[in-house]
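Chemist: Below you'll find the structure I mean.
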Amino acid sequence: MEQQNTPTYIYLHGFASGPQSAKAKYLRDRFATIQIDLKTPDLNQADFPHLTITRQLSQVKAEFPPLDVPVTLIGSSLGGLTAAWLGQEQLQVQQLVLLAPAFQFLSHWLPKLGEKQLKQWQAEQYLMVYHYAEKRSLPLRYEFVQDVAQYHDLELQRSIPTLILHGCHDEVIPIQASRDFAAQRPWIQLIELDSDHSLGNVLPEIWQATQIFCHIQRGSE
């Protein structure tokens, strides 16, 4: 039976990804070696076309343990942005580990689509997006953009202990987004890694930094 003072750890995967991603599986396995169950909810909810940040927030909140149990969130990319908002809104969240978090998401993502494709998406309401977990393109409603636009990074001001790990060669969310975010928030520790957005070549470093930051006992590893 879980003790009340034992944190619940939840991992939030990134956009167009899933709980079987390389990072999710690696971290789940690492946590298992020290007898901790890392929860990895599927934020797609078998309905990727209607994905929104608001839906992710509601889904993850429903996974929270009783109020007397602290929660540590580990979020990757868009899951990192979702984790940051949960940390802002839910006092039960006492630590954040953010992996290449999608700060300034729309300002980085939308220009890559181009004005023509963006207008077409707005007119037709659906955009075909390649989903890495499904290994195929799926439609995404324009409501996704409208919803994300409601969430302004500047409003994330709760001084919750936060570790950000971001690749210096990130081609999706430039590391400057995390630098800017951390520069105005002294409670954030930023570690810059020699990697890209996937962080696939630095998983052991991520695990080590997470253990230290979260004061996780190494146990029988």
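Chemist: Would you mind getting me the FRET efficiency between Ile212 and Arg136? Use the beta-carbon distance for r and R0 = 45 Å, nearest 0.05.
Modeler: 0.70
Chemist: A follow-up question, please. Positive end of the charge dipole of the chain (Lys, Arg +1 and Asp, Glu -1 on Cβ, about the Cα centre): tell me which of Leu51, Tyr126, Ile206 has its Cα farthest that way.
Modeler: Tyr126
Chemist: Something else about it: If you plug each phi of region 43-56 into the Karplus form 6.51 cos²θ - 1.76 cosθ + 1.60 with θ = phi - 60°, what whole-Hz ³J(HN,Hα) values come out, in order, with x for Gly and Pro?
Modeler: Going residue by residue, I get 6, 6, 6, 6, 8, 4, x, 9, 5, 8, 4, 4, 5, 4 Hz, with x marking Gly and Pro.
Chemist: Calculate how large, on average over all directions, the projected area of the Cα convex hull of the chain is; give the answer in nm² to one decimal.
Modeler: Quarter of the Cα hull surface area: 11.9 nm².
Chemist: Something else: Tell me, which longest segment in the chain has none of the trypsin sites (Lys or Arg not before Pro) that fall in DSSP loops with at most 11 further Cβ atoms within 10 Å?
Modeler: That gives 1-134 as the longest site-free run.
Chemist: Using the alpha-carbon atoms, what tilt in degrees (0 to 90, nearest 10) does helix 115-124 show relative to the longest principal axis of the chain?
Modeler: 90 degrees
Chemist: Here is a follow-up. Which percent, nearest 5, of DSSP beta bridges in region 59-204 are antiparallel?
Modeler: Bridges in region 59-204 that DSSP calls antiparallel: roughly 25 percent.
Chemist: May I ask you to list the residues of region 23-57 whose amide nitrogen lies under 13 Å from a point 7 Å from Cα along the Cα→beta-carbon direction of Glu124?
Modeler: Under cut-off, by backbone N: nothing.
Chemist: Using the 2.2 N^0.38 Å rule of thumb for compact globular proteins, work out how region 119-176 stacks up: its C-alpha Rg over that value, please.
Modeler: Against the empirical 2.2 N^0.38 Å value, I get 1.53 for region 119-176.
Chemist: On a full-extension model of 0.36 nm per residue, what is the gain between Gln157 and Gln94, subtracting their alpha-carbon distance, rounded to one decimal in nm?
Modeler: Full extension from Gln157 to Gln94 adds 21.3 nm.
Chemist: Can you compute the FRET efficiency between Gln20 and Gln146 using 1/(1 + (r/R0)^6), with r the Cβ-Cβ distance and R0 = 30 Å? Round to the nearest 0.05.
Modeler: In this case the efficiency is close to 0.55.
Chemist: What is the Å³ per residue value for the convex hull set by the Cα atoms of region 130-221?
Modeler: 149 Å³
Every read-out reported here was derived from the displayed coordinates using simple, explicitly stated rules and does not represent laboratory data. From a predicted model like this one, the values you see are computed outputs, not experimental measurements. Virtual Cβ from ideal backbone geometry, glycine too; neighbours counted across all protein chains shown.
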